[in-house]
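Novice: Have a look at this one.
The values are calculated or read from the model by the stated rules, or taken from the named source; none is laboratory data. Remember, predicted model here, so these are calculated numbers, not experimental data. Using ideal geometry, Cβ is built from the backbone for each residue, glycine included, and neighbour counts are taken over all protein chains shown. Quick note on the areas: whole protein, heavy atoms, side chains included, nothing else; ligands and nucleic acids left out. Shrake-Rupley method; radii C 1.70, N 1.55, O 1.52, S 1.80 Å.
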Amino acid sequence: MNCIFCDSPKTQVSNSRGRGSEVWRRRECTQCHSVWTTRETIDFSTSHRIITPSQEAPEHLQRDMLLFMIRDSLQHRNDAETAASHLTDTILTKVLALKTPEIPQAALNEIISETLSAYDPTAAAVYAAKAKFSGPTSLG
Ligand SMILES: [Zn+2]
């Protein structure tokens, strides 16, 4: 990519590492010597669909929507913000491990429930109560 400061095309990747479904790249401009990091993530809304028995068209899996639901069930915690982000990544890693682009709603709910239960049983109970009325795809 071009330098974000001087627009020079002479940039290079000095370091990169992958974590879960993310790749970080440390970039350097050989022209002005600026350094910055880029982050590449999977856009789940283009790769995964949620299949519900009652709906005709599958819905796209939205990370933001998932994060919102998880954060909502962690409201009783001081670390809700960071915990929700980590738990969402954990859930999406488990979704990737299914190796299929179509996820039944029930399977997704089970992954969410199991992940929340292991971290905070109260959050799992809050999520289960809300999921009864609206699944992770029907909010918003
Ligand atoms: Zn530059």
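Novice: In the stretch 1-135, how many lysine pairs have Cα atoms under 28 Å apart, counting only pairs 8 or more places apart or on different chains?
Specialist: 4
Novice: Can you give the Kirkwood hydrodynamic radius of the stretch 1-48 from its Cα pairs, in Å with one decimal?
Specialist: It is 11.7 Å.
Novice: Calculate for the chain the 222 nm mean residue ellipticity that helices alone would give, adding -39,500 (n - 2.57) per DSSP H run of length 4 or more and normalising by residue count, nearest 500 deg cm²/dmol.
Specialist: Values: 5 runs with 59 residues, N = 140.
Using -39500 (n - 2.57) per qualifying helix, the result is -13000 deg cm²/dmol.
Novice: Once amide H atoms are built 1.01 Å from N in the peptide plane, which residues 5 or more positions from Cys3, or in another chain, come under 5 Å H to H?
Specialist: Correct list: Ser8, Lys10.
Novice: Note the angle between two axes, namely the Cα long axis of helix 105-119 and the longest principal axis of the Cα atoms of the chain, as a number of degrees from 0 to 90, rounded to the nearest 10.
Specialist: The angle comes out at about 80 degrees.
Novice: Tell me, what HN-Hα J-couplings in whole Hz come from the Karplus equation 6.51 cos²θ - 1.76 cosθ + 1.60 at θ = phi - 60° for each residue of the stretch 62-67, using x for Gly and Pro?
Specialist: Values per residue, Gly and Pro as x: 10, 4, 4, 5, 4, 4 Hz.
Novice: Ok, one more. Return, for the Cα atoms of the stretch 44-131, the radius of gyration and Dmax in Å, separated by a comma.
Specialist: Taking only Cα atoms of the stretch 44-131, I get Rg and Dmax of 12.6, 40 Å.
Novice: Can you give the longest stretch of the chain with no exposed loop site, where a site means chymotrypsin sites (Phe, Trp or Tyr not before Pro) in a DSSP loop (not H, G, I, E or B) with at most 15 other C-beta atoms within 10 Å?
Specialist: 6-132
Novice: Can you give the FRET efficiency to the nearest 0.05 for Thr41 and Lys99, using r as the Cβ-Cβ distance and R₀ = 22 Å?
Specialist: 0.75
Novice: So, one more: In whole Å and largest first, what semi-axes does the C-alpha gyration tensor of the stretch 1-96 yield when each eigenvalue is scaled by 5 and square-rooted?
Specialist: Those come to 34, 18, 11 Å.
Novice: I need the peptides 96-107, 79-90 ranked by packing, meaning the mean over residues of other C-beta atoms within 10 angstrom, with the highest value on top.
Specialist: Most protected by this proxy first, the peptides run 79-90, 96-107.
Novice: Leaving ligands, DNA and RNA out of it, rank Ser14, Ser54 by accessible area with a 1.4 Å probe, largest first.
Specialist: Ser54, Ser14
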